[in-house]
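See structure below.
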């Protein structure tokens, strides 16, 4: 695999000092205010090479941020994958076996399959289940504008719009179809649920700006639920741009290829060819079809590209 073309502005830090927390689960720390209020989970490193979450989690821990109400839990999720990072192969430490952000169904968690990610998800299961509100911090392989990702529940949209950054929203009316992400575990994936579950894609994996964005989004999320004071000065809220997820195209063959290099946010007319995958053609299902997260290097069985359409803000 080719070395990343851009410089490494973020690199892993030693997390061993934070291994032993106070929850009985390694790398999970919980701080209770003693006052009534929501239980909020800030989750980092669902993928091992997405360092922005590590930056934000360490900011909370090292700065001594404590909740004014409710409780704050800070989690480093896939530390095993994180510790496998090799700058010569910077994209391979995303996961060891399974995508930790697709195994949160009861079938996967209660099943007999084993992998480092499944073992870790089972350990984290009570932590995730106990949270009223979840912010899962991610980053992207391409250097694109940050964006939210969330199930199309009004409670999620309301929180994301109120926090304001990122300004782009990727809304999932039918989930992903490729597994259950952490923010849809249990009651967070239910129409009648009350808890907010948001993913923030904070920018390119190795850019310093992604860490800065992750800190800002995290503090905005905590302030929205009253756990910390609102930022001063207030965040400047850009007009929201919302997109509906229409399809997630999996890579089916080793010959998967886009018609031209894509990084994300490119648009296609209805019926226009986006990629080929063996004999299969992937075409835009609508006008103004906008692609999100086109794969940097196709891997059979993994996600190749998200197809979306713009929504009214």
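Values as computed for the structure displayed
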| quantity | calculated |
| --- | --- |
| Helix 116-130 axis, angle to the chain major axis (alpha carbon atoms, nearest 10°) | 50 degrees |
| Segments 274-283, 72-81 sorted - mean Cβ within 10 Å per residue, highest first | 72-81, 274-283 |
| In degrees, nearest ten, helix 52-62 long axis to first principal axis of the chain (Cα) | 10 degrees |
| Relative compactness, the range 142-293, computed as alpha-carbon Rg over 2.2 N^0.38 Å | 1.15 |
| For the range 1-135, radius of gyration divided by Kirkwood radius, i.e. Rg to Rh on alpha-carbons | 0.99 |
| Volume in Å³ per residue [convex hull over Cα atoms, computed for the range 204-302] | 143 Å³ |
| Within the chain, percent of DSSP bridges classed antiparallel, to nearest 5 | 50 percent |
| Computed [θ] at 222 nm, helices only, for the chain once each DSSP H run of length n ≥ 4 contributes -39500 (n - 2.57) | -6000 deg cm²/dmol |
| Exposure proxy ranking, count of Cβ atoms within 10 Å, fewest first, for 249, 286 | 286, 249 |
| Extension gain (nm, one decimal) between residue 208 and residue 109, 0.36 nm per residue minus Cα-Cα | 32.2 nm |
| Normalised alpha carbon radius of gyration of the range 260-313 [divisor 2.2 N^0.38 Å] | 1.12 |
| Scaled radius of gyration (Cα, divided by 2.2 N^0.38 Å) that the chain gives | 0.96 |
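Bear in mind that the values in this text are calculations on the coordinates, not laboratory data. Please read all numbers here as calculations on a predicted model, not as lab measurements. When we count neighbours, we look across all protein chains shown, and the Cβ atoms used for this are built from the backbone with ideal geometry, even at glycine.
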